[in-house]
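Report on the structure given below.
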Amino acid sequence: MKRRAHIPRSSVHFRKIAAVSVALCAALALTACSSSDGKKDAEVSESPRVTQSPTASATADAKDAVKRQAIATYRAYWREMEKLYGDRSGKSARLDQYAAAAALMNAEADAKRSHDRGNINTGSVALTDQVITEAKVTGKIPNATVSSCLDISKWQTVDAETKKPVSLPENRLTKYRILSIVEKYPEGWRVTSDEPQGKSC
């Protein structure tokens with residue numbers, strides 16, 4: 001019978017330690033890789049996102065709404081002005097639904113003077129080049145300033161009875177720049193100021 005070779009205990013012990021060391025290094029290497037990958041994933045997931053400020057977006061939307069309302073109200077205001085000057089009784093117009101303050105008082109007073117002289121206006125007014133030069137959405141009364149080119153060349157003053165044109169100064173402007181203020185009242189938007197600028201357009 002062959003005798004087994006004698007292997008010293010120290011050699012066996014060394015091999016066990018080496019095997020454990022290799023396994024431990026492998027485990028550490030895997031942990032390091034996993035930790036590094038996790039860190040990269042976290043860095044990617046936590047990267048900052050660029051978004052628009054909700055406040056800035058809301059303010060821009062509010063200003064756009066004010067501009068639309070101001071221009072729509074100003075156009076309706078002149079449609080009612082045509083009715084006011086075209087009716088000697090003044091009953092067909094509802095200018096107070098689109099005007100207030102100085103704009104309403106001045107228009108009604110001027111239309112009355114024309115009617116008292118026996119005149120009315122026929123035809124229509126044309127509005128072009130409407131631009132909002134300023135819009136305010138904060139404060140007690142939101143408002144906008146509207147710059148327009150007002151063309152009254154086809155809005156003719158005539159005798160209410162004969163419908164013949166009334167003689168007017170030849171040098172008067174029939175197409176001129178007008179600056180108006182439109183404000184938001186509790187009951188709706190109103191033109192409160194309507195000032196001709198004395199400049200042709």
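The values are calculated or read from the model by the stated rules, or taken from the named source; none is laboratory data. Just so we're clear, the structure is a prediction, and the values are computed from it rather than from any experiment. Counting neighbours? That spans all protein chains shown, and the Cβs are built from the backbone with ideal geometry, glycine included. Please note that ligands, DNA and RNA were not included when accessible areas were found on the heavy atoms of the full protein model with its side chains. Shrake-Rupley method; radii C 1.70, N 1.55, O 1.52, S 1.80 Å.
Lysine pairs in the range 93-194 whose alpha-carbon atoms fall under 21 angstrom of each other, counting only those eight or more residues apart or on distinct chains, come to 8. Kindly identify the range 115-155 as rounded, prolate or oblate by the Cα gyration tensor criterion: order the square roots of the eigenvalues as a ≥ b ≥ c, call it rounded if a/c is under 1.5, otherwise compare a/b with b/c, prolate if a/b is larger, else oblate. Verdict is oblate for the range 115-155.
Using a 1.4 Å probe, what is the accessible area per residue for the range 111-201, in Å²? Write out the running numbers ahead of the final one.
Numbers: 5450 Å² over 91 residues.
Per-residue accessible area for the range 111-201 comes out at 60 Å².
Distances over 17 Å make up what percent of all Cα-Cα pairs in the range 79-167? Distances greater than 17 Å cover 58 percent of the Cα pairs.
Within 14 Å, Cβ to Cβ, of residue 92, how many net charges do the neighbouring residues add up to if Lys/Arg are +1 and Asp/Glu are -1? Don't jump to the answer; show the numbers that get you there.
Numbers: positive: 79, 83, 88, 91, 94; negative: 80, 82, 87, 96, 108.
Neighbourhood net charge equals 0.
Residue 131 contributes about 80 Å² of solvent-accessible surface, heavy atoms of the protein only, 1.4 Å probe. Across the protein chains, with a 1.4 Å probe defining accessible surface, the residues 138, 157 rank 138, 157 from largest area downward. To the nearest 10, the accessible area of residue 79 is 100 Å² with a 1.4 Å probe.
Other residues within the sphere of radius under 10 Å centred on the Cβ of residue 190, judged by their own Cβ, net out at -2 (K and R +1, D and E -1).
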